[in-house]
Amino acid sequence: MRSQRTRGFHARREQWPDVLTFVESAVQGMDERLVTKLRLAIEELFLNTVTHGHGGDTDAPVEVEVHVEEDRVVLIYVDAAPPFDPFAAVEGPDPAASLEARGVGHLGVFLITALAARCDYTRSGDRNRITVELRGA
């Protein structure tokens, strides 16, 4: 099974259900663990673009491309937010720290890197381009 699907969205929270529906339809019938990894990756990327990249809802473009090949999915995520490499300084949680000392958030990108076979970032013109390769069991 090989396929490629691409769709554009606006960087608005109200677009999130449409983004998720698009991504899930692209991988329909694949291993559920792989689909769960993909859901986590796209949610983290999209909501971070809206919240942190743009500071809220905007009509700025976001392009989501999903390549499916056998038991592998490659997600290519392109946004027009300011330059930011989410993989530049990924730190995992301190397992020795108490729950109170750990703080909230900052785990999404760490989880993506832990679940992905490959994560890449490039800047091209005024766009961030993130590639995440996920593999099935």
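The values are calculated or read from the model by the stated rules, or taken from the named source; none is laboratory data. The shown structure was predicted, so the numbers you read here are calculated from the model rather than taken from an experiment. Every residue, glycine as well, gets a Cβ built from its backbone with ideal geometry; the counts of neighbours run over all protein chains shown. For accessibility, only protein heavy atoms count, side chains too; no ligands or nucleic acids. Shrake-Rupley method; radii C 1.70, N 1.55, O 1.52, S 1.80 Å.
With +1 on each Lys and Arg Cβ and -1 on each Asp and Glu Cβ, how big is the dipole of the chain about its Cα centre, in debye rounded to the nearest 20?
That gives a dipole near 200 debye.
Considering only protein heavy atoms, what per residue accessible area in square angstrom results for segment 1-99 with a 1.4 angstrom probe?
For segment 1-99, the per-residue accessible area is 54 Å².
Going by the alpha-carbon gyration tensor, a ≥ b ≥ c the square roots of its eigenvalues, is segment 1-42 rounded (a/c under 1.5) or, if a/c is not under 1.5, prolate (a/b greater than b/c) versus oblate?
In terms of gyration-tensor shape, oblate.
Excluding ligands and nucleic acids, what accessible area in Å² is computed for residue 18 using a 1.4 Å probe, to the nearest 10?
About 60 Å², ignoring ligands and nucleic acids.
Determine the shape class of the chain: with a ≥ b ≥ c the square roots of the Cα gyration tensor eigenvalues, call it rounded for a/c under 1.5, and otherwise prolate if a/b is greater than b/c, oblate otherwise.
oblate
Semi-axes of the equivalent ellipsoid for segment 1-70, please: Cα gyration tensor eigenvalues, times 5, square-rooted, ordered largest first, whole Å.
Output for segment 1-70: semi-axes of 23, 12, 9 Å.
Could you tell me what percent of the accessible area of the chain is made up of carbon and sulfur, with a 1.4 Å probe and every protein chain present?
Carbon with sulfur: 50 percent of the solvent-accessible area.
Once you have the Cα-Cα distance between residue 31 and residue 123, take 0.36 nm times their residue separation minus that, and quote the gain in nm to one decimal.
30.0 nm is the gain from fully extending residue 31 to residue 123.
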